[in-house]
Amino acid sequence: MSLYVIRKGRGVPAGDGGFWPQSESRDIRLPVGRGINSDGLNLRIAMPAVFEGDFSFAVEERSLLIFGVRREPVGFGEPLTKRYALAYGSFHQRVPLGPGLDIKKLKARFHHGVLDVHIPFAPAAAGVLHPAPSSLRTVSAAKRRAEVAA
């Protein structure tokens with residue numbers, strides 16, 4: 001599917017060429033980065049155009065739950081001319097955490113539209129090698145080409 005669609009004569013501002021970004025889904029999915037170091041799990045959740053008072057998070061079982069709202073800008077344009085690169089509205093997302101974490105010592109910092117979360121390993125889990133989740137493991141390019149060709 002094309003990243004852009006042509007929409008001529010339907011409220012497109014002059015000089016724009018009629019190209020608008022198109023999204024297949026209006027659901028808000030927050031990109032989440034993960035890293036494991038010697039003392040715990042680090043998460044980086046990107047939340048562009050979300051302000052500090054517009055979200056909250058909680059830990060439930062082995063998941064970090066994020067709830068919030070991305071508010072539509074006021075005075076951005078006339079109704080038929082507004083097209084956004086970001087989806088606006090309420091959102092919620094579950095981020096799996098895994099075992100062996102000391103949730104009571106969770107530290108979080110929100111800055112520049114990014115929520116950084118650090119959760120240290122529980123004392124019983126300290127010193128144990130924690131492999132990266134399977135979704136984060138890398139595969140060599142040659143092995144990947146062989147898998148695709150098969």
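The values are calculated or read from the model by the stated rules, or taken from the named source; none is laboratory data. The structure displayed is predicted, hence computed values, not measured ones. Note: ideal-geometry Cβ built from the backbone for every residue, glycine included; neighbour counts use all protein chains shown.
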| message | So R83 passes all but one of these: (1) touching a Phe, Trp or Tyr at 6+ places or on another chain (Cβ under 7 Å); (2) of a type outside the set (V, I, T); (3) at pLDDT 85 or above. Which condition number does it fail? | response | (3)
| Given the structure, is R83 of a type in the set (D, E, K, R) and touching a helix residue (DSSP H, G or I) at 6+ places or on another chain (Cβ under 9 Å)? | no
| Can you tell me which residues in the range 30-49 are surrounded by 11 or more Cβ atoms within 10 Å (Cβ to Cβ), part of a loop (DSSP other than H, G, I, E, B) and under 12 Å from the mean Cα position of the chain (by Cα)? | L30, M47, P48
| query | If you check every pair at least six apart or on different chains, which have Cβ atoms under 9 Å apart with a residue in the range 98-119 that is on the phi > 0 side of the Ramachandran plot first and a residue that is of a type outside the set (A, V, I, L, M, F, W, C) and surrounded by 16 or more Cβ atoms within 10 Å (Cβ to Cβ) second? | reply | G98/H130; G100/H130
| message | Contact list please: Cβ distance under 9 Å, first residue in the range 33-57 and without any contact (Cβ under 8 Å) to a residue 24 or more places away in the chain and more than 22 Å from E72 (Cβ to Cβ), second residue in a strand (DSSP E or B) and of a type in the set (A, V, I, L, M), pairs at least six apart or on different chains. | response | G33/L43; G33/I45; G33/A46; G35/L41; G35/L43
| note | Residue set G98, G77, G127; condition surrounded by 12 or more Cβ atoms within 10 Å (Cβ to Cβ), more than 21 Å from the chain's Cα centre (by Cα) and at pLDDT below 90; output residue G77
| Enumeration of residues in the range 41-55 that are of a type outside the set (A, V, I, L, M, F, W, C) and on the phi > 0 side of the Ramachandran plot | none
| field | Filtered residue count, the range 35-80, keeping only those that are of a type outside the set (A, V, I, L, M), touching a helix residue (DSSP H, G or I) at 6+ places or on another chain (Cβ under 7 Å) and closer than 16 Å to I103 by Cα | value | 0
